[in-house]
Each structure stands twice: as C-alpha cells, then as structure tokens.
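Values in this text are rule-based calculations from the coordinates and carry no lab data. From a predicted model like this one, the values you see are computed outputs, not experimental measurements.
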C-alpha cells in the first residue's frame, strides 16, 4: 500500500467521530475478547480433564515465542515510520513484521477450532477483524498482518492436527 493509499484510508476512517471511535474500539477490544475466550476454553478443558489442553496451551506459546523472535530479528518499521501519516492510536516504533496481535488472534482461532469447530470459525472471523483493524489504524502494513496470520495458521495446522498424530498424551 502506498503512502497516498494509507493517507486516504486513514482520512476515510477518521471522517466521522463515530467511524474513528468504532474502529478504535474494535482494535483495542477484539484482542481482549479473544483472550477471554481462550482463557474460558482453558478452564473448560481443565475442568473436563481433556488432554487437548496440552496442545491448546503449548502451541500458542510456541507461536508467540516464534513470532516475537522473528519480529526482533526482522525489526521492520511501521507504516507511520515509513510514511508521513499519523496512526489512530499511539504505538512504539519498529518490530512491525509479523503482527503479533494478528498472530496471537489467529493461533487462538486455530486452538478453538481444534476443540470446537463452530467456536473456531467464530474466533477465526474475529482474528480477521484484529488483522484488519491493525492495518486500518495505521499500525501495520498488510504484509505484516498476512505474515502473522500465515505463521499462526501453519503452526496451528502442524501443532493441532499433524503433531498429535504422532504423540499421545496420557489421560490425567
């Protein structure tokens, strides 16, 4: 996306107070809502003593560590550092790629999909909202969001669907 396109997008998003506030609410609250859903699933799996809890916790932790290290190594600038634009919300500079918010949202979606397909679909839709709002607020390039989502989907498939074929978790 070019500087002109980013500026036009941000101008559109800020055209009315309602648009700007709604976008900011989605940007700030959707990740928290996903985290709440994730914690509720952990509590449910623990209560039911489901062995899926091992992968449900381990895979997102591995994903978070991997994405955090990759961000540090790449240290890509954010759109507001590259272009003369003002993001809708304040944010630190650097470490833009991959988007950790998006990666976390997508791995939570993949984790929920592993346990409950309808909730998984719902949380993956919410993860798309997280990614879109990160771009619309001027905090990430589209590339950052797509890479974060892609990493989490791939790690989710491997961690939740491939790896369990080869590893048996004993009941507890």
* Relative to the first principal axis of the alpha-carbon coordinates of the chain, what is the inclination of helix 142-157, with its axis defined by its Cα atoms, in degrees from 0 to 90 and to the nearest 10? -> 0 degrees
* Structure fact -> Dimensionless Rg/Rh of the chain, both radii on Cα and Rh by Kirkwood, sits at 1.03
* Length-normalised contact order of region 22-165 in % [C-alpha pairs under 8 Å, at least 6 apart] -> 31 percent
* **region 43-97 versus region 107-168: alpha-carbon centroid distance in Å** => 11 Å
* Can you tell me the 0 to 90 degree angle between the C-alpha axis of helix 117-136 and the longest principal axis of the chain, rounded to 10? => 20 degrees
* Asked: Using the alpha-carbon atoms, what tilt in degrees (0 to 90, nearest 10) does helix 100-115 show relative to the longest principal axis of the chain?
  -> 30 degrees
* Structure fact -> Residue-normalised 222 nm signal for the chain, counting each DSSP H run of n ≥ 4 as -39,500 (n - 2.57), nearest 500 deg cm²/dmol, is -23500 deg cm²/dmol
